[in-house]
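Beneath this line is the structure, given in structure tokens, with notes to follow.
The values are calculated or read from the model by the stated rules, or taken from the named source; none is laboratory data. Note that this is a predicted model, so its numbers are computed, not measured. Please note: Cβ atoms are built from the backbone with ideal geometry, for glycine as well, and neighbour counts cover all protein chains shown. Heavy atoms of the whole protein, side chains included, go into the accessibility calculation; ligands, DNA and RNA do not. Shrake-Rupley method; radii C 1.70, N 1.55, O 1.52, S 1.80 Å.
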Amino acid sequence: MPATTKQRLSAMLDVDLENVAPHGEKLQASIDESASQRPGSFSEWFQVASANELRSCLRTLTAEKAEVASHVRSLLEEERAYREWVNREEKSWTQPVSDPAGAKEAREAAFEEDLGTQALYIPLRLSSDERTLLVILQGALYVSEYTDRVDVYHAGNKARRMALQIQQVCAILAGLVVSNNFDVARRPLIENSFAQNMHFFRAVFEIGRRYKILNPDKLRGSYGKLIHLLQDSVKDEVARAVGFECVAPVKTVATLLKTKTRGAELLQDPLLAAATLEIYSESKSRAEVAAEVQAKAESLAQLKTKYAVQPEGGAVPQKSAGDLGEVLRGRQIETPDLTTENVESIVASISDHFAFQRFNREPCDRILGFLRTYFSPSSDGEWSLEITRGRGGSCLSHTHRTQYTFVLQSLLLWREIMGNMFALWQATENDLLDSTLRYRLCDTGQGLNRMQSAPRVSRIMKAILHQVQSQVGGWVGLSVVHLGDRDVPNALIFIDKYTQVPRILAPIVSTLDKLSQVYESSLATKRLIDKEFNGVESLRMMILQDFFRHGFDGSGDDGGSCVDGRLTSCWNWCSKIEKKRYFPAFLLTGFNGFDGGFESAHDW
């Protein structure tokens, strides 16, 4: 029985043991009398009880209370239906992509490495004016209670309540913008209605979405409010009440280049690769780094000279993206020719894309390198990866070879997902903001969540999964990617889960890289590591073995061998890092956690 069902049953039966014991001796016999500290409530005992003890307890309770028997029966029926659904989904996910249109979309998004295809998903970097509007949006979302007021069970017209909350957010936005730039914003925002200013609100909301895609670790509290607000705004009844739809397409490199006469030519120019080249300082002298920086700057200058058209004498120069006056008027005067600002924006956005790819994929590549270097599928030796269900918290039983393959395919899958994060994020928003895909508010065992299908994300994930399966020549565990069910209710939770991958792997890589430096830093540290761990290499192998075993052992509330359960197992391993024998070594390398600050005064 999954942990979520177990927790729900525990909550239902959370009663004092002293009150239950007089009704029968079977319950009393199921409690370990030799325990030094007796559980004070049924839920405490429930978490540590064995399977036989649980069966005995349930027989007693169901025999005495009809409502308990009825509830247990409904839970079992629900669990049986869920297992049948998983089996059906498993068959679906193991079949090749058969939809020609869906296959083409997924293949282009997931596997094409040419810049022309990638440009469809690369968001444009925010201009300075757009960043000003972003800060205002952050402030409005920070004080908004949208989800608290909307995502609750209540009587009355829900569409009217949604519309009222959206209008309140728009009113806060308008007030903050007027206070920030009174001369420009006063007349259009105070004298006109929300519907008359719809282009302004759409532009501001689009800026927030674009910034989040470029910076997944930002807006961690506000983005959920924003996307839920926009998800409701596309409903016909809500849009009629508000007076307009709040959703505008996210600006990408491709959308900008399509409006320019020489856009496609710029994208194929070899100078663009040189202007967006990432510069690494490792193993290079200062002079070499300076030469690369100079070459990169010269390539950008040549691109601007070659493609940017200067305004003719007396012509008014084009205003920058996000100019408040232009946004309030609902139009941006765009010329068919590329400007200097356009070229700089395109180069900066593509550079951000490459930096984003490196930040997300490099930890996966490094961990894969550790796996292939220090472990072999054919021989376990001293550092075996074998796991057994029920031992060390493991929920799976794998031989060394099977566990090696299980970890390898998981890391390869994460690497491909990280490489296609922009495409997946665009598909996520398209699914969430699709007016034909209605959601329902339901209790998934982790509170009320919006349960909604995600067909676009499913198509891309299916293509990525089949590619990885072809690389490893098989698959260990389930192939199901949970989307739109109680484990992963919607695409937003899906994309949020996978933005955690670099946050999990990067600190581990950093610790492993710094161990040798810490070991050589002082005689006392060297003695400590030699005494406790038999040397730095033994310590490194201990960390890797434990991570590859219990970071992928199916543990966690919704863990298991399915695709999403692997990530849950890793988070479960991270949550127990303080209890590991080698945790002091993490602290010595500067480790301060697997997650950054959730919010701060400067980053809502």
Restricting the search to the stretch 346-362, which residues are touching a Ser or Thr at 6+ places or on another chain (Cβ under 9 Å), open to solvent by less than 30 Å² (accessible area, probe 1.4 Å) and not β-branched (V, I, T)?
A348, S349, S351, H353, N360
Exclusive hit being within 18 Å of the chain's Cα centre (by Cα) and open to solvent by less than 10 Å² (accessible area, probe 1.4 Å), set P507, P502:
P502
Of these, A239, A275, which one is modelled with pLDDT of 90 or more and within 27 Å of M198 (Cα to Cα)?
A239
On the given criteria, is T568 modelled with pLDDT of 90 or more, hydroxyl-bearing (S, T, Y), over 15 Å from Q403 (Cα atoms) and part of a helix (DSSP H, G or I)?
no
Within the stretch 209-227, can you find the residues that are of a type in the set (A, V, I, L, M) and over 12 Å from F422 (Cβ atoms)?
L219, L226, I227
Please name all residue pairs, on different chains or six or more residues apart, with Cβ atoms under 9 Å, provided the first residue is in the stretch 520-538 and is over 13 Å from L588 (Cα atoms) and aromatic (F, W, Y) and the second residue is at pLDDT 90 or above and open to solvent by 30 Å² or more (accessible area, probe 1.4 Å).
F533/M542; F533/R581
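Return yes when R329 is among the basic types (K, R) and more than 19 Å from E130 (Cα to Cα) and no when it is not. Please lay out each step first, then the result.
On the way: among the basic types (K, R): yes; more than 19 Å from E130 (Cα to Cα): no.
Here the answer is no, as R329 does not meet what is asked.
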Quick one: is Q231 over 17 Å from L324 (Cβ atoms) and more than 14 Å from the chain's Cα centre (by Cα)?
yes
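Determine whether I166 is in contact with a strand residue (DSSP E or B) (Cβ under 7 Å, 6 or more places away or on another chain) and either on the phi > 0 side of the Ramachandran plot or outside any loop (DSSP other than H, G, I, E, B) (or both).
No, not satisfied.
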Step by step: first the residues of the stretch 519-554, then only those that are part of a helix (DSSP H, G or I) and aromatic (F, W, Y), then the one that is most open to solvent (accessible area, probe 1.4 Å). Which residue is that?
Y519
Residues being open to solvent by 80 Å² or more (accessible area, probe 1.4 Å) and in a loop (DSSP other than H, G, I, E, B) - total across the stretch 282-310
3
Does A171 qualify as being part of a loop (DSSP other than H, G, I, E, B) and either on the phi > 0 side of the Ramachandran plot or of a type outside the set (S, T, N, Q) (or both)?
no
Within the stretch 39-98, restricting to residues that are of a type in the set (V, I, T) and more than 21 Å from G445 (Cα to Cα), the one that is modelled with the lowest pLDDT is V97
R372 versus (1) more than 27 Å from R131 (Cβ to Cβ); (2) surrounded by 14 or more Cβ atoms within 10 Å (Cβ to Cβ): which is the lone unmet condition?
(2)
